[in-house]
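Below: the structure, in structure tokens.
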Amino acid sequence: MHIIYIYMKKSTIILMALLMSAVTGSAAVQMPRIFQSGMVLQRGTPIPVWGQADPGETVTVTLNKKVCQTTADAAGHWRIDLPSMKAGGPYTLVVESKNPAARPEAASNQAEARTLSDVWIGDVWLCTGQSNMETTLERVSPQYPDELNDSNALVRLFHVQYQTDTRHPSSDLRPAAWQRLNRENAWRFSAIGYFLGKQLQREKGVAQGIIESAWGGTPIEAWIAADTIARHFPLYSRQTMLYQDNDFVAAQQRAAGLAEQQWQRILNQGDPGLAHSTPAGQGAQMPLWTAPDFDDSQWATVNQYRLTDKPSPMAGRREWIGSLWLRQHIFVDAAHAGKSARLLLGTLYDSDVTYINGVQVGSTGYQYPPRRYQVPEGVLRQGDNVIAVRFINKNGMPHFIHEKPYRLVFADNDVMPLGEQWKIHEGVEMPRSIGSGISLQNQPSTLFNGMISPLAPFAVAGVVWYQGESNTGMKQAGEYAQMLRLLMANWREAFERPQMPFVIVQLANYMAPVMAPQHTGWSVVREAQRTVAKEDAHAELALTIDLGETVDIHPLRKKEVAQRIALDFERLVYGKKVVLAPEVLSAEVRGAGSEVRGAGNEVRGAGSEVVLTLDQPMREGTLKYFELADAQGRFHNAEATAEGSQIVISSTIANPTAVRYAWKDNPLGVNVYSKGGLPLAPFEITIK
């Protein structure tokens, strides 16, 4: 009886609580995580604010003396569109919910409210795409040492956390916060977003909100809504369905994780370089081949850029899966001994663990990040020191990347260059790893569901789209123009802005330069980006064809990219009459069958000239990277010069059918520029 009495007593208390809740109000009103203190809301347009309350509750939103009210629907959803406002702040946004059925005498208890402070009205930009949009301020910091310590309370940064959903749009984002622009908050934020926000705030004098929603290595189809993909690319839609069983995905991920653990275990157990060594006079153990007193005199010596040359044990090999060890001896004088330093080890392929005198100073798990490792005080000693690098590769051949810095840097930028010669020895050869896992972020629609839809319809001034590297396979490249059109229409619908401005950042030059005509997916994607931007009155192209790097898919010159994006927005958003990058207006053949002369006025034979007319004057002179197609569609290099607003291309082809410019993975050193200093975009034009 006693037990039953306690049960009844608890039930009564719970029932009374429920009844009180029904009379006096309920759970606090909720809003998506994009709505937080410190945020920036878009000026000059109605401002959607939405969230969740109890069904039937009255919701009131107050901002900048504007008061709007609505009622939560049967599912508890509510939305209010605040009227358009001018830039200003800081303001307080109050969202209050009331139960209209509450008794008057309970009025003091019937309201639930959320109060957001430090809210500004200004301009908001959605910066999205893959790794070049994600590339952080830290990554590009060596390029801009004077830009790193800026602080601006009127630029606010919001970083959307990784999130995928294979079934439907997520109800909200993962936890995140609006942060003021300073070195600490911006260090791991998009460098493009950082520079764009600073520039626009300086020029416009109003608060700037930068929303970064990007994920490296992801294809465009991951960012498009499921119903759009299903209508236009049903095969991609069925691909996503393969991963809608959570138990299956979890099992695959667990199996991949176990396989990776087993591969690493076998690798480490079989690697002789990891056997423990205790150097003379030291108590701590360290991996044998990292010890400064290890005798590496019998190891072969190789140049870091030619690891497969004889007498290297890698000679003649095209691939090495497993571990590979390299050691370099460096002399440190008394003035530098014991001091802290930074080891710049360029960029390596693929992953590495790096030691100095047996002390691990850093490790990186994949090929792209720069190796910038901090060397603590006391590690470097007077006399001989040893840098040991343990490469771990699952495909390809370990190698050092050209054109990157390899040096020790002490205080006051005191630099000690490393040599190119290393001692080399194989660690342990391994079979290929059997654990690859499932990359849900690469499946169609998963990122629209997880990282875009939860933002909509938050009001933004415009979108910056920097993506395409993951769609440069020829099949995917051929689909890219349609995909990009669908994405833009898709997002404009989601954000309820049919004319929402887009700046499309065209792919930068990358990979080894080739002088002969070349046709790859990189050029096809660039052309898709160009043509889609050209046909859309509310889109522009930001060019990076002269800002890339031969050896790095993530070039450092992100400030210049942001400057070109900002110039595009001057036209798209602010309605300014600005001169943008030059465009070709027409192409015509002149003098077919006439005598063609070379740059030295020598006669090259019969041929023709193709005259391109542009929308603005160009820098005059001899130009590179033009090609003309013959009657069979085969492209040939051609000579070209700029004269005013025309480019004259001469060739021995009598009746050219098409003209290309910079149609290569890496047209290094492009030199076709407007008088204003903006490059001409790569293109292919059919000559009619």
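Annotations
- Rounded to the nearest 0.05, the FRET efficiency derived from the C-beta distance between His402 and Thr686 at R0 = 30 Å is 0.20.
- Protection proxy ranking, peptides 193-204, 307-318, 639-650, average beta carbon neighbours within 10 Å, highest first: 193-204, 639-650, 307-318
- Gyration tensor verdict on region 519-561 (Cα atoms; rounded if a/c is under 1.5, prolate if a/b is larger than b/c, oblate otherwise): oblate
- Here the chain is treated with +1 on each Lys and Arg Cβ and -1 on each Asp and Glu Cβ, and its dipole about the Cα centre works out to around 980 debye.
- Span from the region 405-470 Cα centroid across to the region 322-379 one, whole angstrom: 20 Å
- Peptides 550-562, 401-413 ordered by average Cβ neighbours within 10 Å, highest first: 550-562, 401-413
- Euclidean distance of C-alpha centroids, region 503-550 and region 639-662, integer Å: 20 Å
- Nearest-0.05 FRET efficiency for Arg342 and Asn64, computed from C-beta distance (R0 56 Å): 0.70
- Long pairs among Lys198/Lys394; Lys534/Lys558; Lys204/Lys534; Lys559/Lys675, criterion Cα-Cα beyond 31 Å: Lys198/Lys394
- Mean Kyte hydropathy of -1.0 or more with a Cα span along the axis of at least 18 Å, helices from DSSP in the chain: 2-24, 191-204, 246-270, 474-494, 521-535, 558-572
- Here region 496-645 carries DSSP beta bridges of which approximately 75% are antiparallel, counting only pairs with both residues inside.
- Entry comment: accessible area of the chain is 44 Å² per residue, from protein heavy atoms only and a probe of 1.4 Å.
- Percent RCO, i.e. relative contact order, over region 511-590, from Cα pairs under 8 Å lying at least 6 residues apart: 24 percent
- Placing unit charges on the Cβ atoms of the charged side chains and taking the dipole of region 44-175 about its Cα centre, the candidate lying farthest along the positive direction among Phe158, Gly56, Pro46 is Gly56.
- Overall form of the chain per C-alpha gyration tensor (a/c, 1.5; a/b vs b/c): oblate
- Carbon + sulfur, % of accessible area of the chain - ligands and nucleic acids excluded, 1.4 Å: 52 percent
- A cut-off under 15 angstrom between Cβ atoms defines the neighbours of Lys688, and their net charge, with Lys, Arg +1 and Asp, Glu -1, is -1.
- Straight-line reach from Lys577: taking Cα to Cα under 12 Å and skipping same-chain neighbours fewer than 8 places apart, the aspartates and glutamates in range are Asp568.
- Whole-Å distance, taken between Cα centres, linking region 303-317 and region 131-205: 42 Å
- Packing-based ranking, highest mean first, of 475-485, 155-165 given that Cβ atoms within 10 Å are counted: 155-165, 475-485
- Model label sites at Arg180 and Gln269, defined 7 Å from Cα along the beta-carbon direction, differ in position by 5.5 nm.
The values are calculated or read from the model by the stated rules, or taken from the named source; none is laboratory data. What you see is a predicted model; the values in this text were computed from it and never measured. So basically every Cβ, Gly included, is an ideal-geometry build from the backbone, and we count neighbours across all protein chains shown. Note: areas computed on protein heavy atoms with side chains; ligands, DNA, RNA excluded. Shrake-Rupley method; radii C 1.70, N 1.55, O 1.52, S 1.80 Å.
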